[in-house]
Amino acid sequence: MEMESARHLTSGKIRVAKLLYKNPLDYQKTYIHNAPWFPFGFQSAHTAVSPDGDIWFLPTEYSDNFASSPLRLQHLFMHEMMHVWQYQHGYQVKLRGLFSWAVSYFYTPERNRPLKTYAMEQQACIVADC
């Protein structure tokens, strides 16, 4: 882990995340990185990944303050926070993420359908879309 590119979530980032996630997250365990997780430029443009409970933003997507960032980056932050939640609640995020290229991020909301019945990436999209 490149700690020089990592820091704990700021109070502002925690405040934004708590709008959706409240307190079931251990925010102090999460680092946010201003560096790719994948080596050799393999992390796709305009993405972030959270395979290990930390969020790894490409420098082009990183923000010191997501609350005042463009909506696209706020959405990306909340999407990745869902993967942090999943990781902290026992989901095999790294393993499932290996196959996320083959899984649809799109979903059709269905009344009374539990969130846990959607695929991992769909769950993150649903929560970020709130």
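The values are calculated or read from the model by the stated rules, or taken from the named source; none is laboratory data. Being a predicted model, the structure only gives us computed values, none of them experimental. As a convention, Cβ positions derive from the backbone with ideal geometry for all residues, glycine included, and neighbour counts pool all protein chains shown.
A few notes on this one:
- Residue in region 47-67 that is surrounded by fewer than 16 Cβ atoms within 10 Å (Cβ to Cβ), at negative phi and part of a helix (DSSP H, G or I) present: yes
- Test: residue in region 13-27 that is of a type in the set (Ser, Thr, Tyr) and in a loop (DSSP other than H, G, I, E, B): no
- Selection status of residue 73, surrounded by fewer than 17 Cβ atoms within 10 Å (Cβ to Cβ), assigned to a helix (DSSP H, G or I) and touching a helix residue (DSSP H, G or I) at 6+ places or on another chain (Cβ under 8 Å): no
- Annotation: of all residues in region 91-130 being in contact with an Asp or Glu (Cβ under 8 Å, 6 or more places away or on another chain) and assigned to a loop (DSSP other than H, G, I, E, B), the one that is modelled with the highest pLDDT is 105.
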